[in-house]
Amino acid sequence: MKSKALLELLSDGQVHSGESLAAYLGVSRTAIWKQIRRAMDEGVEIATIRGRGYRLASRLDLLDRDSVLQCLLPSRREALSLTVLDEVDSTNAEVIRQIAAGAGEIPVAIADCQTAGRGRRGRVWQSPRGENLYLSMGLTFHGGFGVLDGLSLVLGVAVANALEQLGAPEVGLKWPNDIFLPDGKLGGILVELQGELEEGVVQVIVGIGLNVHMSRAEGVDQPWSSLARACPEIDWSRNQIAGAIIDAVLDTVSIFSDLGFQSFRELWQRRDIFMGKSLQARGGDVEGIGCGIDDNGNYQVRTADGIVPVRAGEISLREMQ
Ligand code: BTN
């Protein structure tokens with residue numbers, strides 16, 4: 001966003017004259033006026049107070065690298081390389097580029113908007129500017145692809161725990177790793193694997209998209225929710241949410257690397273939104289009642305012929321209305 005410095009000045013919610021803004025930023029009053037127009041075109045609500053200046057009509061939740069770092073445990077700050085971008089094609093793609101360029105630490109990318117946000121199963125992830133959280137992390141695992149079984153479910157547990165600690169109630173998980181609130185989908189996790197760079201070393205790119213302030217969604221074909229819509233009493237900060245999620249993911253993944261998926265099965269199960277529901281899988285070939293996950297993270301459907309395990313990536317699971 002070209003007018004970011006201006007918006008930072010306005011973010012205190014006070015009225016600022018065109019003259020003072022121009023003097024502070026070292027530009028003309030006309031340039032300030034143009035930046036105000038551009039910000040308004042990008043969806044920022046700015047009130048013009050006749051004879052006095054400009055004021056933000058509603059609070060702005062700007063992304064800020066230092067503020068995210070402040071929310072992290074001090075030991076974490078040095079372990080990761082955090083990039084906060086105004087705009088990017090996809091934060092997952094950005095992390096992949098950073099790994100290819102030889103990123104030493106854990107690369108983490110957050111963006112204010114994505115122009116080619118990607119979802120699971122080749123879907124587009126709508127990524128409007130300034131409203132939501134788009135965050136990706138590059139994680140390294142040792143022991144080959146086999147050690148990753150169940151990782152994607154474990155990540156869902158980490159994100160759900162972080163959100164609940166920030167005050168979101170009843171965060172559920174829809175197998176394998178969609179984040180749900182009672183009124184609809186709040187976010188999703190996209191896990192992308194890079195080939196083994198050296199024997200047994202696997203790079204995993206974890207992309208997390210969360211609806212934070214979003215109040216309308218075009219082209220979204222299922223019930224959705226956002227943190228601000230579900231909990232309007234909380235002053236949601238994307239920087240704080242990002243910090244909490246980064247910490248939770250790194251803590252959780254470290255336990256997962258030591259103990260494997262088993263220790264998370266019960267934690268995932270408690271958030272299962274499909275438990276006891278009538279489900280359909282494999283395009284309707286399997287019908288039955290949801291009964292949680294097995295030791296390998298497959299979803300289990302109790303059918304008339306017994307329990308049928310449904311594998312992640314293989315098929316989708318739909319609740320029958
Ligand atoms: C899903 O389909 O439910 C997963 C969506 C994952 C979206 C996130 S937003 C940050 C990261 N960058 C992307 O391009 N996708 C993921």
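Observations, loosely collected:
- Stretched out straight at 0.36 nm per residue, the stretch from Arg59 to Ala304 would grow longer than its current Cα-Cα span by 82.8 nm.
- Charge context of Asp235, other residues only, Cβ under 9 angstrom, K/R +1, D/E -1: -1
- Charged side chains reduced to their Cβ positions (Lys and Arg at +1, Asp and Glu at -1) give the stretch 19-132 a dipole of some 340 debye around its Cα centre.
- Of the solvent-accessible surface of the stretch 122-162, computed with a 1.4 Å probe over protein heavy atoms with every protein chain present, carbon and sulfur atoms account for 52 percent.
- Size of charge dipole - the chain - debye, nearest 20, with Cβ of Lys, Arg +1 and Asp, Glu -1, no other charges: 1180 debye
- Taken over the Cα atoms of the stretch 3-56, the convex hull encloses 66 Å³ per residue.
- Solvent-accessible area per residue for the chain (1.4 angstrom probe, square angstrom): 49 Å²
- Across the chain, C-alpha contacts under 8 Å between residues 6 or more apart give a mean separation that, scaled by the residue count, equals a relative contact order of 14 percent.
- 19 Å reach of a label modelled at Arg216, 7 Å along Cα-to-Cβ, counting backbone N of the stretch 55-91: 57-59
- Think of the chain as having a plus end and a minus end, set by charges on the Cβ of Lys, Arg, Asp and Glu; of Gly143, Ile293, Ser3, Ser3 sits farthest toward the positive end of this dipole.
- Estimated FRET transfer efficiency when R0 is 45 angstrom, pair Ser75-Met320 (beta carbons, to 0.05): 0.40
- For the stretch 278-319: Kirkwood Rh in Å [reciprocal of mean 1/r, alpha carbons]: 9.9 Å
- GluC sites (Glu not before Pro) lying in DSSP loop within the stretch 170-278, provided at most 13 other Cβ fall within 10 Å: Glu170, Glu199, Glu218, Glu233
- Kirkwood-based shape ratio for the chain, expressed as Rg/Rh from alpha carbons: 1.02
- The chain: calculated mean residue ellipticity at 222 nm from DSSP helix runs of at least 4, using -39500 (n - 2.57): -9000 deg cm²/dmol
- Taken over the Cα atoms of the stretch 143-286, the convex hull encloses 145 Å³ per residue.
- GluC sites (Glu not before Pro) within the stretch 1-93, DSSP loop, no more than 12 other Cβ atoms inside 10 Å: Glu45, Glu87
- For the stretch 12-118, trypsin sites (Lys or Arg not before Pro) meeting the loop criterion (DSSP other than H, G, I, E, B) and having at most 16 other Cβ atoms within 10 Å: Arg50, Arg52, Arg59.
The values are calculated or read from the model by the stated rules, or taken from the named source; none is laboratory data. Keep in mind it's a predicted model, so treat the numbers as computed, not measured. Note that we place each Cβ from the backbone using ideal geometry, even for glycine, and neighbour counts take in every protein chain shown. Each accessible area value is taken on the protein alone, full model and side chains, heavy atoms only, with ligands, DNA and RNA left out. Shrake-Rupley method; radii C 1.70, N 1.55, O 1.52, S 1.80 Å.
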